[in-house]
Every structure is written in structure tokens, then in C-alpha cells.
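Below is one structure, written out as C-alpha cells, with a few remarks after it.
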Amino acid sequence: MDPDPAPSVAGARRQVFGQVFVAGVTEAAGSGADIAGELGIGATTDDASASDGAAFSWSAAFNKQAAHNDEYAAALSPTALGDYAYAFRFKCQGGPWTYCDPTGAATGLPSPSRAS
């Protein structure tokens, strides 16, 4: 994910980007068929992947083609001061969600973000 959204001001919007590659799906120009991408924000105590991410608020839209990847974008917009976790998730052709983190380590763990 890019950029690392910490720190931010409560109520301020910061654009965050996530990319996905699926062989045979994302290489062509435009949004890959049946790819869904979402950026979630929630409490740092919540696991983004638990219960299909129900504790997080999810939203994102296709942004652009980035070489062989599809790039999605969404705005983080904390409503109050505090610590938040965020993560992108992607799925292809109705399959399970794959959770991503800002380091690219594919651990799927959310990253804390501080609104101040």
C-alpha cells in the first residue's frame, strides 16, 4: 500500500493505494474481470480478517493500470483522534479475500495509524 497513511488529522482524508496481480486477469488495460479491492479501517484491537472483516469499514475503487497490476484507491478518513488499523483486501472471481499490509510482506495484518 502507498502511501503509509500515518499520521493524519481527525476528519482529514488521505488517499491510500493498493495493487493486485493475478496472472491472466490483471495484465490487460483497465480493471481485471471479477477483481474486487477494498481498503478497510477499524480499531487496532480488531483483526481485519476475522469474521470476514466485519469489524472494519470497507471501501475502494479501481484507480488505474500499473504495469501488470490493477491499482485500487480509497480515502482514509478517521472521525476522531485515536489509533486505527487499516488493510487492503482483494478477491478474484468470487474467491476468498486475501488481506494485504503496507509492507508488502503479505502477512495480512493491519497496520496501526495514528490520528492526531
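The values are calculated or read from the model by the stated rules, or taken from the named source; none is laboratory data. No experiment lies behind these values; they were computed from the predicted model shown. Reconstructed Cβ throughout: ideal geometry from the backbone, glycine too, with neighbour counts over all protein chains shown.
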Flagged in the stretch 51-91 as surrounded by fewer than 19 Cβ atoms within 10 Å (Cβ to Cβ), among the hydrophobic types (A, V, I, L, M, F, W, C) and at pLDDT 75 or above, in numbering order, are 61, 62, 66, 67, 73, 75, 80, 81
Sort out which residues of the stretch 26-71 are closer than 13 Å to residue 99 by Cβ and more than 16 Å from the chain's Cα centre (by Cα), and write them in order of number. 51
Counting only residues that are more than 17 Å from residue 15 (Cα to Cα), touching a residue at least 12 places away in the same chain (Cβ under 8 Å) and either touching a strand residue (DSSP E or B) at 6+ places or on another chain (Cβ under 6 Å) or among the aliphatic types (A, V, I, L, M) (or both), how many does the stretch 63-81 have? 3
State which residue pairs qualify: first residue of a type in the set (S, T, N, Q) and inside the stretch 27-50, second residue at pLDDT 90 or above and surrounded by fewer than 20 Cβ atoms within 10 Å (Cβ to Cβ) in any location, beta carbons under 6 Å apart, and separation of 6 or more residues or different chains. 31/62
Expected single match for at pLDDT 80 or above, surrounded by fewer than 21 Cβ atoms within 10 Å (Cβ to Cβ) and outside any strand (DSSP E or B) among 104, 94 is 94
Based on this model, can you work out whether residue 74 counts as small (Gly, Ala, Ser), over 12 Å from the mean Cα position of the chain (by Cα) and under 16 Å from residue 91 (Cβ atoms)? no
Regarding the stretch 42-50, can at least one residue be identified that is surrounded by 14 or more Cβ atoms within 10 Å (Cβ to Cβ) and modelled with pLDDT under 70? no
Among what's in the stretch 1-24 and is surrounded by fewer than 17 Cβ atoms within 10 Å (Cβ to Cβ) and modelled with pLDDT of 90 or more, pick the residue that is farthest from residue 85 (Cα to Cα). 24
